[in-house]
Structure formats: structure tokens, C-alpha cells
1. Can you find, among Ser194, Ser174, Ala213, the residue sitting farthest towards the positive end of the charge dipole of the stretch 172-232, where Lys and Arg contribute +1 and Asp and Glu -1 at Cβ?
2. So what does Met243 come to for accessible area, using a 1.4 Å probe and Å² rounded to 10?
3. Find which of Gln132, Gly145, Met66 sits farthest along the positive direction of the dipole of the stretch 66-156, computed with +1 on the beta-carbon of Lys and Arg, -1 on that of Asp and Glu, about the Cα centre.
4. Per residue, how much accessible area does the chain show when a 1.4 Å probe rolls over the protein heavy atoms, in square angstrom?
5. Taking all protein chains in place and a 1.4 Å probe, what share, in percent, of the accessible surface of the chain do carbon and sulfur account for?
6. Given axes a ≥ b ≥ c from the Cα gyration tensor, I'd like to know whether the stretch 154-293 is rounded (a/c under 1.5), prolate (a/b larger than b/c) or oblate.
7. For the pair Glu212/Glu189, report the inter-label distance in nm, with labels modelled 7 Å from Cα in the Cβ direction.
8. About its Cα centre, how strong a charge dipole does the chain have in debye, to the nearest 20, once Lys and Arg get +1 and Asp and Glu get -1 at the Cβ?
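The values are calculated or read from the model by the stated rules, or taken from the named source; none is laboratory data. Quantities reported herein were computed from a predicted structural model and do not represent experimental measurements. Glycine gets a Cβ as well: all are built from the backbone with ideal geometry, and neighbour counts include every protein chain shown. In case anyone asks, the SASA skips ligands and DNA or RNA and just uses the protein heavy atoms, side chains included. Shrake-Rupley method; radii C 1.70, N 1.55, O 1.52, S 1.80 Å.
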Amino acid sequence: MMTQDVCSHRNNVHGSDKALLYKVGIYGWRKRCLYFFVLLLMILILINLALTIWILKVMNFTIDGMGNLRITEKGIKVEGDSEFLQPLYAKEIQSKPGRPLFLQSSRNVSVNVLSSNKQLLTQLTTGANGIQARGRMFEVKSGSGKLLFSADEQEVVVGADRLRVMGAEGAVFSKSLETPHVRAEPFKELRLESPTRSLLMEAPKGIQILAEAGDIQAICRNELRLESKDGEISLDARRIRLMRLPEGKASSSSSSSGTRPTVYEVCVCPNGRLFLSQAGTGSTCQISNNICL
């Protein structure tokens, strides 16, 4: 009886094991799709690798940089021409030693200095209409550091030894001019002129007008005054000519008779006016003082 029970139990166990067994794997169309996607992925990887190698070759990528662009310890080094489509921010821009630096643009080139608040402090713009500089002060210095030109809101300073004006009409000053020396070029005339207003020259220690190899002319339309408040006016020359002085007429009774060379004496009116009077044996200024009336 027990033997039959054991045998029946074994048969039941073997029957249940056969029912639980199933095949593991991808078969049929699923397997073919998997192989196709794996092959497609490998082809894409090869194409991507080939494109990467081609880009590295064309752009000349190296450990130091890309193409003409090199990354160094001091910054970025660019060899050849470079084109920037957007603003360039840099602490320092310099060329190779012994090589010039060119900045070229189809419109203009602007150099701006901004504050921490993004406010414009200094600007240098070069364009088709000219060069514009904006800032609190503009200075030009020589190689030794000597100031040649300086301009701000208060004054303009020219520090060169000589200021030369090459214009045909000279220099025009709407306000005053302060200088220790005004001189023309050799063999050129110096002319000081005020077409519609007055011309005033002032100096606390004196004014010297010197023409070593030529003449000095002072021409005016109305009056020419030489005035000295505390000193004197000296005319020192071998010849002093007073042209176009009026001539006083003496009365017929006091006129001298006879033929002799006409000689005149210079007379002075009480108001300072000069006139000529025909000389006689004595002074004839009182006789010919009708000019002073």
C-alpha cells in the first residue's frame, strides 16, 4: 500500500516540473529588430566618430588651442586676422613684439571705459566722420613724458616749445590769449588784427615789439593813442617823420617877406594837438594857432 502511494507522489512531482518549464530568449521578428537597431547604433557611432575626427582636423584642435587661437598662461594668443561679431572685453590687447596692431571695422571702432555701475567714463570713437574723444581730460605726452597738449573744461594747455599755425587766415581767438611770446616764422609777416572789435595787449612788466629786419606798422581807422600814466614816451631814432600834420596859417601882416627856403616848426596846442607853422626869426606858433581853435 505504501509503495503505491510513493509511486503516485513521484509521478505527480514529475508532472508538475514539466508544466513549469518554459523557453527563455528573443526569437522571431523581435530578434531581427534587435540586431537591426544594434547595427544602426554602430553605424551612427562610426559616423559620429568620423565627423568628430574631421572637425578636429579642419578646426586644427590641439592641446594648446584651436586653429590660430592659442591658450597660454598669460591669456589667449591669436595669430593672423580675427573677426569679432560681438563686443570684445579684455584687460589688455597687444601685438607681437615688433609687429603693428591693426583695428579695422566697416563702420567705426569704439573704445569705452566703464565704471563699476556700467556708467561711461571715457570713450574714443573713430568713424567715417572723424575721431571723437569723450572724457574729463585729454592729454598728449611725448616719449619722455613731457606734456605736449592737454584739454579739459577749464583750459587748453599747449606744452610744446612752439605752436605753429599753418592756416592762410591764421588763428582766431574769440576770447583772450595769454602767451609770453608771439613770433612769426622767418621771412614771414606777423599781423595782429581785430576786424570788428578792439585789440588789447596787457602785461604787468611791459610789452616789447621788435622787428629786427623789417618795419612795424600800426594802422587804425580813427585814433591811435600812446599813453603812459606814470612814465614817458620816448621816440629814439635818427629820423622822426610826422606826416600829414596840419599847417597853421599866419596873418598877412605877420608873414615874412622875401624868398627863402620854407622851413616849419612843430607847435603843440594846449589840448596836445600838433601842427606846423612856418618858421620865422622867432617862434610863430602863437601867430598860427588858429588850428587849436
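1. Ser174
2. Counting only protein heavy atoms, Met243 exposes about 120 Å² to solvent.
3. Towards the positive end, the residue furthest out is Met66.
4. On the way: 29330 Å² over 293 residues.
Per-residue accessible area for the chain comes out at 100 Å².
5. Numbers: 15830 of 29330 Å².
Carbon plus sulfur share of accessible area: 54 percent.
6. On the way: a/c = 3.12, a/b = 2.66, b/c = 1.17.
It comes out prolate by the Cα gyration axes.
7. Taking the two extended label points, one gets 2.1 nm.
8. Working: 37 positive and 28 negative charges, 290 e Å.
Magnitude of the dipole: close to 1400 debye.
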